[in-house]
1. What residue, among those in segment B:85-98 that are under 25 Å from the mean Cα position of the chain (by Cα) and among the hydrophobic types (A, V, I, L, M, F, W, C), is nearest to the other protein chains (Cβ to nearest Cβ)?
2. Considering only segment A:1-19, state which residues are hydrophobic (A, V, I, L, M, F, W, C) and modelled with pLDDT under 95.
3. Among the residues of segment B:174-193, is any surrounded by fewer than 23 Cβ atoms within 10 Å (Cβ to Cβ), farther than 30 Å from B:F31 by Cβ and more than 14 Å from chain A (Cβ to nearest Cβ)?
4. May I ask you to list the residues in segment B:232-246 that are under 13 Å from B:M214 (Cα atoms) and either of a type in the set (F, W, Y) or in contact with a Leu (Cβ under 8 Å, 6 or more places away or on another chain) (or both)?
5. Quick check: anything in segment A:107-115 over 26 Å from A:P174 (Cα atoms) and of a type in the set (K, R)?
6. If only one of A:L178, A:L195, A:L154, A:L150 is modelled with pLDDT of 95 or more, more than 20 Å from A:L53 (Cα to Cα) and among the aliphatic types (A, V, I, L, M), which one is it?
7. Would you mind stating whether B:A239 is modelled with pLDDT under 95 and of a type in the set (A, V, I, L, M)?
8. Go through segment B:181-207 and give me each residue that's more than 20 Å from B:F60 (Cβ to Cβ) and either without any contact (Cβ under 8 Å) to a residue 40 or more places away in the chain or out of contact with any helix residue (DSSP H, G or I) (no Cβ under 8 Å at 6 or more places or on another chain) (or both).
Amino acid sequence: MAVDRADPPIIEAESVSKRFGARLAVDRLSLMVPAGTCFGLLGPNGAGKTTTLRMIYGVTRPSSGTIRVFGLDIGRDPRAVRARLGVTLQQNVLIEALSPIDNLRVFGRYHVLREPELSRRVNELIDFLELRSHATVPVRTLSGGFQRRLAIALSLMNQPELLILDEPTTGLDPAVRLALWSKVRDLRTAGTTVLLTTHYMDEAQRLCDRVAIVANGSVITEGAPLDLIMTRLAPQAVEIECTTDEEPGLLNGLPPKAHRLRAGGRLMIFLDDATALVNRIHAHDHGERRDLIVRPTNLEDVFLAMTGTTLEGGS
Amino acid sequence: MSVSVPHAFAVWQRNAAMYRRTWMWNILPNFFEPVLYLLSLGIGVGAYITQMGGMSYAAFLAPGLICVAAMNGASFEVTYNIFVRLTFERAYDAMLTTPIEPDDVLAGEILWALTRACIYGACFFIVVCLFGLAPLPRALLAIPIIPLAGLLFACIGIAFSLRIPSIDMFSFYFTLFLTPLFLFSDIFFPLKERLSGAWLWVAEVLPLLHPVRMARMAFRGDASPIVLWDLAYVLSVSALLLVWARRGVRRRLTN
């Protein structure tokens, strides 16, 4: 990732809060998205991710704090900002009675594209998202994956400098997710800044240059996925079945700073090198079988360690 | 924030794109409805009424029913259809990810409702002419009243739609508001022959009364200064409701 430090950030949110009645949805959240990066907002449902996105593209007004996009105050210049960004909402907002081509043409007019530019752009997007095979049939007859690709095509209509994706692959099957990820990578390579929200840690880890973990409306930590794993935990995770009574005997001699997490009867220990611990557990068990997994540490672990809750479970 | 004409037009174009696909099926009922009214009331009921307001009953009904067609055209669009776009299709959420602002949505939807009012009203007008009930050419003066009636009922309907929580509320709008207007706005009988004193003043509140009175004046060719009051009513009520709807559309689409 080559980020020119002189480039002004694409998004700058400073201590932004949003209150809906008694509920504080976003709580003094600060965020800085550099140009040309893919930035992930990672958090459980209800963490304030969608509200944060809505404030960034200017349809939700912050109760306090400021947001600048492309260096412009979003509260002051929403038209100018939205002319340069694209948004794929969490739920598809396609016109089901119309074909993909007609959906694209209607959306192109929202950006005041005129012929021949409009037809040219519609064709480019049909090719880029591989929509040609069903370009003229009503959208309601298309599969979920196809509809999602069309929704992303709509948000690329104006060749946005910033693409906002709210839960881009929720509810899609694994093959479709892989295909969409590759499109997002293509866009990023072509210079588009991407801001996405997800509660899938694998999505964040594979796509994002930087992630911010959000819980209860604020950023609790931020950084490159691997850096977060290394600094917050350690590269290897050992998962074992063990009771709280067994734990001290089993883990005797473990470096005191090694992180441990317990989820019911399951214990996770994070280490730079798991070999010594695995050998000691085998010796302790005298050849008896115990459920034991050694795996790379992931963002889900970081999230669990920092919030005490799982991403899927919600806060 | 003010209205951007190209963006408001893009909102109009979205609705037009959907209407174009099914226009044949949409436009046909617009012709059946007036034929049925004129047959039942004009030729059926009218057979027992020698004269009303100095003319045949069918001729008395015709200008008022043209206004009703415009009212219905606009009203369906700004009630059920807007509510579907707002909640089920989430069309405005999509628009607000582009440079379109809530004011453009409002302007585009009013413009579209006006378009539908003109289609309904024009179909009715054509049928009335075919029945020989429109004294041409002076009845042509009633044509500008179609968009005026459309504007008035687009503004009333949209102000209502933006403030109701569920689609079920529209049945109240139609049965307790539009139906009484239809029945008591000078269309089926001359109000001033049946009401007296203060009641005549109360009747002036009814929105449909004003376009109906103007349309009938055009058909009869007897303009009176009261047309100025009718025009002022339609334009000022529309303007006031638009101001109110502007607040409503922003509250509904942004937060």
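1. The selected residue is B:A91.
2. A:M1, A:A2, A:V3, A:A6
3. Within segment B:174-193 (the criterion being surrounded by fewer than 23 Cβ atoms within 10 Å (Cβ to Cβ), farther than 30 Å from B:F31 by Cβ and more than 14 Å from chain A (Cβ to nearest Cβ)), the answer is yes, since at least one residue qualifies.
4. B:Y233, B:V234 - these are the residues of segment B:232-246 that are under 13 Å from B:M214 (Cα atoms) and either of a type in the set (F, W, Y) or in contact with a Leu (Cβ under 8 Å, 6 or more places away or on another chain) (or both).
5. Yes, some residue in segment A:107-115 is over 26 Å from A:P174 (Cα atoms) and of a type in the set (K, R).
6. Being modelled with pLDDT of 95 or more, more than 20 Å from A:L53 (Cα to Cα) and among the aliphatic types (A, V, I, L, M) holds for just one of A:L178, A:L195, A:L154, A:L150, which is A:L150.
7. Values: modelled with pLDDT under 95: no; of a type in the set (A, V, I, L, M): yes.
Answer is no for this residue.
8. Scanning segment B:181-207 gives B:S196, B:G197, B:A198, B:W199, B:W201, B:V202, B:E204, B:V205.
The values are calculated or read from the model by the stated rules, or taken from the named source; none is laboratory data. Treat the numbers as computed from the prediction; the structure is a model and nothing was measured. Positions of Cβ are generated from backbone atoms using ideal geometry, with glycine treated the same way; all protein chains shown enter the neighbour counts.
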